[in-house]
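The values are calculated or read from the model by the stated rules, or taken from the named source; none is laboratory data. Just so you know, these numbers come straight off a predicted model, no measurement behind them. Methodologically, a virtual Cβ is constructed for each residue, glycine included, from the backbone with ideal geometry; neighbour enumeration extends over all protein chains shown. In case anyone asks, the SASA skips ligands and DNA or RNA and just uses the protein heavy atoms, side chains included. Shrake-Rupley method; radii C 1.70, N 1.55, O 1.52, S 1.80 Å.
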There are 2 protein chains.
Amino acid sequence: MARTSSGLHERLLASALRLFVSRGFRGTSLADIAADVGCSKASLLYHFSNKEAILTELLMPVGNEVFDLDARLAELDGEEAAVTAIQSFVGITLRFRREIKLLFDNLADVSCLPDLGVEAIDGIRDRLIDAVAGRSTDPRDRIAASIALGGIFATGAADLPYDDRTLREALLTGALRTLGLGPDRAGLDSELGKN
Amino acid sequence: MARTSSGLHERLLASALRLFVSRGFRGTSLADIAADVGCSKASLLYHFSNKEAILTELLMPVGNEVFDLDARLAELDGEEAAVTAIQSFVGITLRFRREIKLLFDNLADVSCLPDLGVEAIDGIRDRLIDAVAGRSTDPRDRIAASIALGGIFATGAADLPYDDRTLREALLTGALRTLGLGPDRAGLDSELGKN
DNA sequence: ACGGTAACTGTCCGAACGGTCAGATCTGAC
DNA sequence: GTCAGATCTGACCGTTCGGACAGTTACCGT
């Protein structure tokens, strides 16, 4: 039935994600993935043109979200750009935790990808830093922006034993504090009805 | 002369570091390293028992420093532990920038190492977070600690075009601000005669 | 001079792995 | 039923790579 065949593609993606995250991209062979879902390696290569294509397809959703964010940020400036960037980046990081871990743990391999190559990643990173720094050129602001973004990235990749709500709030306030943008605690507390 | 033979070991390490950083650990073959220094692959394997041993020896200095830091922190508590941890971690990160980048880009491979395996890394990370969080168990404090440490780590790995002095100062103030330990700006500014 | 040890190398090997291909099977439309 | 196209597979291939090994050279103490 069509269900089985079209479902195989998704099941292959799910297995690949799981295995890539636990054993790494290079540490996972096509045979591993095929065995995990119970199909042949040839069948796997019928659904994906090659191994890199699997990784690309796994990371595409995150890539698109970050790409969209990048476009939206282009029109913003100052504190508005910084806060929007941080909020959105935290959201993306939490929504794609496993993909973020995959990316975080396999940066060297992802950097060699044709679509999501190192130049794309570096470009996005630089523009994100630019936004988070509020378009400031002061090294201190840009380094603070790098800490905030890198910190969110790394924290998202490390699966800490906290629920999404806690993580979102703490990542947000932490990152904004890094930037010196003390989120008027009164406003946040009342919004979240906490403390 | 003995100089040549004992120097080969160091030259191999230097080449391996350079190649690992630029092409990744898995993306660099033993033949690549040997060719880079101009010796045979067999000679390379005379100096290092296997490929992993090269990576281990490259990362050992950083590992030892972090290990020492971990031991020193065990006796500290509260804000003192946090500030000491951040200061030392910034120092280590800057002193071993290339090794940090190597580690950052090849986490999946390093995690499989026998000596510096995933359990060692995770253990160190957890204890560092504990110290940076000032031994607090509040999720917000621990997540903030994770942001600070991850941010320093990621920023050190990304070779931003700033000199060590600028980076050290900005990393320090940024990370401490993340923790809510606003280094009384007046004191710092006057100390550095800035602004 | 000589013997031993450290440094070094050419050659070979086995295993792993990504990828190809010709064909088998299945499915749905007519 | 039959045909076309999609799906799936076993078998096979070429390459790459880490590593083993036997043998050679250089060095050094005696």
If we keep only residues of the stretch A:128-168 that are of a type in the set (S, T, N, Q) and more than 7 Å from chain B (Cβ to nearest Cβ), then the residue nearest to A:Thr93 (Cα to Cα) is A:Ser136
request  = Return yes or no: is B:Leu12 more than 14 Å from chain A (Cβ to nearest Cβ), away from DNA strand D (no atom under 11 Å from the Cβ) and at pLDDT 95 or above?
outcome  = yes
Next on the checklist: Take the conditions within 12 Å of DNA strand D (Cβ to nearest atom) and open to solvent by 20 Å² or more (accessible area, probe 1.4 Å) and apply them to B:Ser22. Does it pass?
Outcome noted: no
Considering residues that are part of a helix (DSSP H, G or I) and free of Cβ contacts under 8 Å to residues at least 40 places away in the same chain, the number found within the stretch B:94-119 is 6
Based on what the data block shows, is B:Thr28 within 16 Å of DNA strand D (Cβ to nearest atom) and touching an Asp or Glu at 6+ places or on another chain (Cβ under 7 Å)? no
Checked the stretch A:35-75 for anything touching a residue at least 12 places away in the same chain (Cβ under 8 Å), within 12 Å of DNA strand D (Cβ to nearest atom) and open to solvent by less than 70 Å² (accessible area, probe 1.4 Å); matches are A:Val37, A:Cys39, A:Ser43, A:Leu44, A:His47, A:Phe48
Considering the stretch A:4-47, residues that are among the acidic types (Asp, Glu) and more than 8 Å from DNA strand C (Cβ to nearest atom), and then whichever is farthest from the chain's Cα centre (by Cα), we arrive at A:Asp36
Hey, any hits in the stretch A:101-115 for a residue that's more than 14 Å from every other protein chain (Cβ to nearest Cβ), among the small types (Gly, Ala, Ser) and surrounded by 15 or more Cβ atoms within 10 Å (Cβ to Cβ)? no
For the stretch B:21-34, pairs from a residue that is at the interface with chain A (Cβ under 9 Å from one of its Cβ atoms) to a residue that is within 9 Å of DNA strand D (Cβ to nearest atom), with Cβ under 8 Å and 6 or more apart or across chains, are B:Arg23/B:Asp32
